[in-house]
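Report on one structure; see the data block that follows.
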């Protein structure tokens with residue numbers, strides 16, 4: 001009887017581990033490097049063109065790579081995005097290697113340094129479930 005219980009326990013644990021692994025693989029979001037690896041988060045780049053054919057989903061991750069002494073990332077609302085309002089943000093990132101886990105809805109990001117936003121260093125995306 002002891003061997004039978006041990007075998008059943010082993011089968012149950014195997015199924016549990018397999019199911020958990022499949023769930024984690026399914027739930028894992030895509031990782032997007034804003035501006036791709038070659039350009040990054042910098043001025044004079046069309047970030048909305050970069051994002052145009054991408055489909056962002058809740059749980060995906062945006063990675064902003066930039067020189068922290070030259071740029072930052074501000075997560076803002078649509079008004080602050082359109083008008084490059086830098087003192088009205090919901091999140092401020094300054095490390096030079098920032099990861100943002102996306103939530104469903106619209107998301108807007110700008111650079112809050114100098115006139116970088118006005119020069120096009122901004123991104124807006126739609127995040128679907």
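Each value in this text was obtained by applying a stated rule to the coordinates, not by laboratory testing. From a predicted model like this one, the values you see are computed outputs, not experimental measurements. Note that we place each Cβ from the backbone using ideal geometry, even for glycine, and neighbour counts take in every protein chain shown.
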Q) So, by mean Cβ neighbours within 10 angstrom, what's the order for 83-94, 114-125 with the highest one leading? A) 114-125, 83-94
Q) When every alpha-carbon pair in region 76-125 is counted, what percent end up more than 13 Å apart? A) 56
Q. If you build the Cα gyration tensor of region 30-128 and take the root of 5 times each eigenvalue, what three semi-axes come out, in whole angstrom, biggest first?
A. 18, 15, 13
Q.
Quick check: Cα centre of region 84-118 to Cα centre of region 61-75, how many Å?
A. 8
Q) How do the peptides 39-49, 96-106, 70-80 rank, highest first, by the average count of neighbouring beta carbon atoms within 10 Å per residue? A) 70-80, 39-49, 96-106
